[in-house]
Each structure stands twice: as C-alpha cells, then as structure tokens.
1. Could you tell me the relative contact order of region 1-53? Use alpha-carbon pairs under 8 Å, at least six residues apart, and round to a whole percent.
2. Please list log₁₀ I(q)/I(0) at q = 0.09, 0.11, 0.15 Å⁻¹ for the chain, using the Debye equation with identical point scatterers on the alpha-carbon positions.
3. If you split all Cα-Cα distances of region 1-70 into 5 Å bins from zero, what percentages do you get per bin, shortest first?
4. For the pair Arg157 and Asp88, what calculated FRET efficiency results from E = 1/(1 + (r/R0)^6), where r is the Cβ-Cβ distance and R0 = 41 Å, to the nearest 0.05?
5. Mean-square fluctuation check for the chain, GNM, Cα pairs under 10 Å: which of Arg12, Arg169, Arg148 is largest?
6. Using alpha carbons only, how many angstrom separate the centre of region 1-77 from the centre of region 120-150?
7. Give me the Kirkwood hydrodynamic radius of region 119-170, using the inverse of the mean 1/r over all pairs of distinct Cα atoms, in Å to one decimal.
8. Can you list the HN-Hα couplings for region 33-44, worked out from phi with the Karplus curve (6.51, -1.76, 1.60; θ = phi - 60°), rounded to whole Hz and with x for Gly and Pro?
Amino acid sequence: MVYVQAGSPASRAVFDSTDESLCDAIQTVFETDTEAAVLFWDAVPMVLSYKDTLSFLVEDLIGLLERLASTSAGELTIAWPSNGFRSDWSVTWHSGRLVITATWHDLAHGIERLEPATLQELSIADFTAEWQRPLKHILAALEAAGYRALPGTKGLRGVIAGPEGRLYRHHHAPAAGSVV
C-alpha cells in the first residue's frame, strides 16, 4: 500500500529573483525545521522534507502525473535524485492501473525493512490523489511568495485536480454549533 501524509509545513513568503527552477523556489520558501510529508510504502514511513527532498522530486513527480493523465498506457523509469529519497522506480500503467517496481538505495528512513526491490500496484486515481495535498502545500507556498511564472508552475497547477489521498477523503469540517 502506498499513501502520503502531507504534514503542515511552515513556509516563508520570500521571493528570490535568482531562482530558476521549481527546486530552487521550493528550497527558498520552505523552512528547514518544519513538518515534512511522509510517504508510506508497505507501511514503512519515509520522511520527505519539503525543502530538502520534495524540492528535488517535484519536477519528476509532475512529469509522471502528467503522463498518467494524458496517456492510457505507458512506462517510465525515474531515478529519484534526492539524497533523502534515493530510489529508482520502473513505472508501468494501463487500464487505469499503475505498477511501480522500486529499487531502494541509501535511504535514511529505516528502509532496511524493505526488500531491495519492491512492487506496488494501485489505481492511477489513487496514486494521483495521494500527491494532491503535498502539491497543494507547495503551490500555495510558492504563490504566497510571488512565484507565479516560474518554469514548472503551470505543470504543477495542472496536476492538482480531483480528490485527495486516503488520509484526507473523509475529513469534514464540524457542523455549525458542534463541539470540537
């Protein structure tokens, strides 16, 4: 099973005109010591810092989500570049289903509990939904800091659509007058 807990990361409304990529801008706006996202893979939690890990993963993640949305079948190999999440994914999809074969390298997340290569199969809709909340956090922080025309922000906006992941689907605001 794969799911993502987005956390509630603190960000700064700071714009750096020298930032040339989503990675640069995400590193500018997110704090080092703040809540991180957590990817659960076979119940093994992997902490994904917004500043130091997701910043390096986001462009490949957007590319993957775009491909999943635009083609009914395909395959893709991703070598995730972050030191905090160093793995290679072989991704195939067809008929609304996604299969990820992951090879794990040098992760600092208790990854020794996973086999060197592990397989996950889930629906494309579920996989896409799991990334909605963390990507919304990233987009909101970038926009609050004034990053609107940076290369990659259009793609980021484009993959944010639809329902959120399993941890966020059944959470509703309390009814008026109810005690929380």
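None of the figures in this text is laboratory data; all of them are computed from the coordinates on show. All values reported here derive from a predicted model rather than from experimental measurement. A quick note on method: Cβ atoms are made from the backbone with ideal geometry, for glycine too, and the neighbour counts reach across all protein chains shown.
1. Rounded, it is 43 percent for region 1-53.
2. -0.32, -0.48, -0.89
3. Values per bin, smallest distances first: 4, 17, 20, 24, 19, 11, 5, 1, 0.
4. Efficiency, rounded to the nearest 0.05: 0.90.
5. Residue with maximal mean-square fluctuation among Arg12, Arg169, Arg148: Arg169.
6. Each part's Cα centre sits 7 Å from the other's.
7. After inverting the mean inverse Cα-Cα distance, the result is 12.0 Å.
8. 9, 8, 4, 10, 7, 10, 8, 9, 10, 6, 6, 8
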